[in-house]
Amino acid sequence: ASLNPFPSTFLFGSASAAYQIEGAYDQDGKGPSVWDTYTKLEGTTFKNTNGDVAVDHYNRMEEDVALMAEMGLKTYRFSIAWTRIYPTGAGEVNEAGLAFYDRLIDLLLQHDIVPMVTVYHWDLPQALMDKYGGFESRQIIEDFTTYCETLFTRYGDRVKHWITLNEQNIFIGLGYRNGLHPPGVKDLKRMYAANHIAFLANAKAIASFRNLVPDGKIGPSFAYGPIYPADCKPESIIAYENAEELNNHFYMDVYVNGEYPDMAMKYLEREGIAPTVEPGDTEILKAGKPDFMGVNYYQSGTVSANPLDGVGEGKMNTTGKKGTTSASGVPGLFRNERNPHLETTNWDWAIDPAGLRVALRRIHNRYKLPIIISENGLGEFDKLTENGEVHDDYRIDYISKHIDEIQKAITDGVDVLAYCTWSFTDLLSWLNGYQKRYGFVYIDRDETDEKELKRIKKKSFYWYKDLIARHANEGAV
Ligand code: GCO
């Protein structure tokens, strides 16, 4: 039996985020974000790298879009920097910031590239952190909604694909559990409280989108690592269910159904770290149901049982640091394990193409929503050859295997609308600097030396270009 083809409307694309590519950190009235501040604190990032210049996309946008057009991208997912629109998070709008994204959107459309806009990819205005602690205050709900409404009103005529919060589980988790992202806190009670407020902000923004862009689609992008049991011991199955519920359903259930899953909530209540759900919150959450689930997929996780006095909160395995995958977990619920069947990247992320099919099937079965794969890709130490080429066959291998699994999931019956690789050009890895490269386009720079920021097409660039053309012409990939 053969596989179903990708639908003709399927969008093969690529993605980025403002802080990771734009640079121009104080140009044209942009205000500072928490990442501008955090990366300047000694020791927070690899070799103290920051995004002041990044890959200077802000000043080279035309050149970058020309490369996307040459490739034939069907969609480009990018994020808008809140601090370009509202330099202090609220108050007066900065027309120069709005105009930059107008130009980007118009240029994409001229080349038949569908713009997919992320409204929040982690660069919270520093002013809102200073004023009320960012996501720790309910005041952010109104400021975030106002910011979103400004974007919906300005761009909604041309942009029909919107992503609200990018990887809420990661920016809240690394920000408040592991202390690795701003604000660098390690406090689970504060984490779950901020997370609840982020849900409310997300839902309010979606509700107002309905009035402003009635013909558009909107949803969050969730970093989904599907969980496997380490073996078939019954206690491993319970552990897997615990981890799937606390790490994954805990977020997606609220996005889609407006309610926290029972067992995770009971656990948080027992620990005294449950968020306070105020009267009216559930109604707000239920009124913000997304049109699709955005999924950023990099790897699966594997767990076994963990006794009550077992290993505790370790670093999440998404930090990209070596050796953090094992020996962590939640006492009484699960313990993270290595999966002996999977190889890992140089940053110790398990490589698991079939896990993407698992992810898509699970989301489809539980939530019955279409899915946009908003990120998937391989971070590597790409090197230029002597004649200035990049032979990233490992990336081609990685992406093609993941695309095969998407096709299997589509054949299974999952409704997948788009696939965005991470990333189009190389860019700043939040904590790992410029050495960790994800792009189809190599950028000639390192942590300290910006060089000329020359754009060099990698081997994978030509490969993805061919794949998109084959899909457009023959329906095959
Ligand atoms: C990194 C990460 C990021 C994320 C992306 C999440 O190395 O910093 O991989 O690039 O994948 O920003 O949405």
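The values are calculated or read from the model by the stated rules, or taken from the named source; none is laboratory data. This one's a predicted model, so the numbers in the text were calculated from it and none came from an experiment. Every residue, glycine as well, gets a Cβ built from its backbone with ideal geometry; the counts of neighbours run over all protein chains shown. Heads up: the accessible areas ignore ligands, DNA and RNA and are worked out on the full protein's heavy atoms, side chains in. Shrake-Rupley method; radii C 1.70, N 1.55, O 1.52, S 1.80 Å.
Using C-alpha pairs under 8 Å with a sequence gap of at least 6, the mean separation divided by the residue count of the chain gives a relative contact order of 17 percent. When only alpha carbons are used to place a centre, segment 146-175 and segment 397-463 end up 22 Å from one another. Under 5 Å between amide hydrogens, built in the peptide plane, is the criterion, and for ALA418 it picks out LEU11, ILE373 among residues at least 5 positions away or on other chains.
Using a 1.4 angstrom probe, figure out how much accessible area segment 78-228 has per residue, in square angstrom, rounded to the nearest whole. Accessible area per residue, segment 78-228: 30 Å². Ligands, DNA and RNA left out, the 1.4 Å accessible surface of the chain is 50% carbon and sulfur atoms.
Rounded to whole numbers, the Karplus 3J(HN,Hα) couplings from phi for segment 421-427 are 6, 9, 9, 6, 9, 4, 7 Hz, using 6.51 cos²θ - 1.76 cosθ + 1.60 with θ = phi - 60°, and x at Gly and Pro.
Rolling a 1.4 Å probe over the protein heavy atoms leaves MET263 with an accessible area of roughly 130 Å². Amide H contacts for ALA223 (H built 1.01 Å from N in the peptide plane; partners 5 or more residues away or on another chain; cut-off under 5 Å): GLU167, GLN168, ASN169, ILE170, ASN296. DSSP assigns beta bridges within segment 371-477; of those with both partners inside it, close to 55 percent run antiparallel. Helical content of the chain, expressed as a calculated mean residue ellipticity at 222 nm, amounts to -12000 deg cm²/dmol (DSSP H runs of 4 or more residues, -39,500 (n - 2.57) each, divided by residue number, nearest 500). Per residue, the solvent-accessible area of segment 259-307 (1.4 Å probe, heavy atoms of protein chains only, all protein chains present) comes to 45 Å². In loop segments of segment 401-473 as defined by DSSP, the GluC sites (Glu not before Pro) with at most 16 further C-beta atoms inside 10 Å of their C-beta are GLU447, GLU452. Amide H contacts of HIS161 (H built 1.01 Å from N, in plane; Pro and chain starts excluded): VAL117, LYS217 sit under 5 Å, all sequence-distant by 5 or more or on other chains.
Computed from the Cβ-Cβ distance with R0 of 51 Å, the FRET efficiency linking ASP309 to GLU283 stands at 0.80.
Rolled with a 1.4 Å probe across the full set of protein chains, the surface gives THR44 an accessible area near 30 Å². Across segment 269-277, coupling constants 3J(HN,Hα) worked out from phi with the 6.51/-1.76/1.60 Karplus curve, θ = phi - 60°, read 5, 4, 7, x, 10, 5, x, 8, 9 Hz, and Gly and Pro carry x. Here the chain is treated with +1 on each Lys and Arg Cβ and -1 on each Asp and Glu Cβ, and its dipole about the Cα centre works out to around 640 debye.
For the pair segment 214-247 / segment 42-91, the C-alpha centres are spaced 30 Å from each other. In order along segment 237-254, the Karplus-derived 3J(HN,Hα) couplings, from 6.51 cos²θ - 1.76 cosθ + 1.60 at θ = phi - 60°, round to 5, 4, 4, 4, 5, 4, 5, 4, 6, 6, 7, 10, 4, 3, 8, 5, 4, 5 Hz, and Gly and Pro are given as x.
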